[in-house]
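Worksheet for the structure shown next.
The values are calculated or read from the model by the stated rules, or taken from the named source; none is laboratory data. For clarity, every value in this text was computed on a predicted model and none was experimentally measured. Neighbour counts run over all protein chains shown; Cβ positions are idealised from the backbone, glycine included. Accessible surface is based on the protein model in full, side chains and every heavy atom, while ligands, DNA and RNA are left aside. Shrake-Rupley method; radii C 1.70, N 1.55, O 1.52, S 1.80 Å.
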Amino acid sequence: MDPDAVAKAFVEHYYTTFDANRAGLANLYQESSMLTFEGQKIQGSQNIVAKLTSLPFQQCQHSITTVDCQPSGPAGGMLVFVSGNLQLAGEQHALKFSQMFHLMPTPQGSFYVLNDIFRLNYA
Amino acid sequence: MEEQVELVGRAFVDHFYHLFDNDRSSLSSLYQPTSMLTFEGQKIQGVDEISTKLNQLPFDQCQHVISTIDSQPSSFTGGIMVFVSGSLQLAGEEHSLRFSQMFHLIPTPQGSYFVQNDIFRLNYG
């Protein structure tokens, strides 16, 4: 499958899950996964999902502006670099954000997130 | 105390943008034939092509000011992911541009790092 198509499909799946059922993100991470969220470092699927489900908002909607991807090396990994907007329920203005994912292939033919770094982009 | 990957990330970022702002043609020393750059959506591969692209950007002088640097180990072979956000001031322009950039650094046998992956995006307000 074309790498750009894989990246786009992953991004759609990730943010749709985030916006509808944040706990459902658990199967995209493994024990070795690392998230840096606004500078805070978290490791492992359980801890990452605990962080994401405890963010101080109930409802949100991500809208994606750009998706760039590149293969990361001989192990079949893929780097995905996203920018977009995050609208929180009840807030007048959307927040702008950038996020990078390093996806690694699973034996089942899917991908999991090994590295995840999220930053808000302040004006 | 800062972890090793954070130290490497910070040192690399300082070096990269110092070269970019003062001696752009020397950036070629940080890339190898397998290196990939995606610059505002345009995909470029290899030292010469990347160097040409960066040297041909439509401004002579610029200054990067870095706001955030996040680093993580990328895999089990010593690679490092570095995620940067900051501002880019072009000479003669009133307002600076905001940008985000990610680097995937791979260790060299000489104990340094080269840029295997580089993705740059401006962040429009």
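Of all residues being over 17 Å from the mean Cα position of the chain (by Cα) and within 11 Å of chain B (Cβ to nearest Cβ) in the stretch A:77-123, which is farthest from A:Ala7 (Cα to Cα)? Just the residue, please.
It comes out as A:Ala123.
If a residue has to be surrounded by fewer than 20 Cβ atoms within 10 Å (Cβ to Cβ) and within 14 Å of chain A (Cβ to nearest Cβ) to count, how many in the stretch B:100-125 make the cut?
5
For the stretch B:67-88: of the residues being loosely packed, with under 15 Cβ neighbours inside 10 Å and more than 17 Å from A:Leu35 (Cα to Cα), which is modelled with the lowest pLDDT?
This residue is B:Thr77.
Give me the pairs: first residue in the stretch A:26-40 and in contact (Cβ under 8 Å) with a residue 60 or more places away in the chain, second residue among the acidic types (Asp, Glu) and surrounded by 15 or more Cβ atoms within 10 Å (Cβ to Cβ), beta-carbon distance under 6 Å, and six or more apart or on different chains, which are they?
That search, which allows pairs on different chains as well, returns A:Leu35/A:Asp116; A:Thr36/B:Asp70.
Kindly provide the set of residues from the stretch A:74-98 that are open to solvent by less than 10 Å² (accessible area, probe 1.4 Å), within 14 Å of B:Asn123 (Cα to Cα) and not aliphatic (A, V, I, L, M), ordered by number.
A:Phe81, A:Gly84, A:Phe97, A:Ser98
Determine if the stretch A:12-35 includes at least one residue that is surrounded by fewer than 19 Cβ atoms within 10 Å (Cβ to Cβ), within 15 Å of the chain's Cα centre (by Cα), within 23 Å of B:Asn117 (Cα to Cα) and not aliphatic (A, V, I, L, M).
Yes - at least one qualifying residue is present in the stretch A:12-35.
Please work out which one of (1) within 19 Å of B:Ser74 (Cα to Cα); (2) at pLDDT 95 or above is the condition A:Leu120 fails and give its number.
(1)
For the stretch B:88-98, check the following and say yes or no: at least one residue is within 12 Å of chain A (Cβ to nearest Cβ), free of Cβ contacts under 8 Å to residues at least 24 places away in the same chain and farther than 26 Å from A:Pro71 by Cβ.
Checked the stretch B:88-98: at least one residue is within 12 Å of chain A (Cβ to nearest Cβ), free of Cβ contacts under 8 Å to residues at least 24 places away in the same chain and farther than 26 Å from A:Pro71 by Cβ.
Return only the number of the condition from (1) within 12 Å of chain A (Cβ to nearest Cβ); (2) among the small types (Gly, Ala, Ser); (3) assigned to a helix (DSSP H, G or I) that B:Ser28 does not satisfy.
(1)
Residue check, A:Arg22 against (1) within 11 Å of chain B (Cβ to nearest Cβ); (2) of a type outside the set (Ser, Thr, Tyr); (3) farther than 18 Å from B:Arg121 by Cβ, all met but one. Which one?
(1)
I'd like the full set of residues that are closer than 30 Å to A:Ser32 by Cβ and outside any strand (DSSP E or B), limited to the stretch A:75-108.
A:Ala75, A:Gly76, A:Gly77, A:Thr106, A:Pro107, A:Gln108
Filter the stretch B:31-57 down to residues that are in a helix (DSSP H, G or I) and open to solvent by less than 20 Å² (accessible area, probe 1.4 Å) and give me whichever is farthest from B:Ile80 (Cα to Cα).
From the stretch B:31-57, those in a helix (DSSP H, G or I) are B:47-55; that's our starting set.
Adding the requirement that they be open to solvent by less than 20 Å² (accessible area, probe 1.4 Å) leaves B:50, B:54.
Numbers: B:Ile50: 20, B:Leu54: 23 Å.
Across the stretch B:31-57, the extreme among qualifying residues is B:Leu54.
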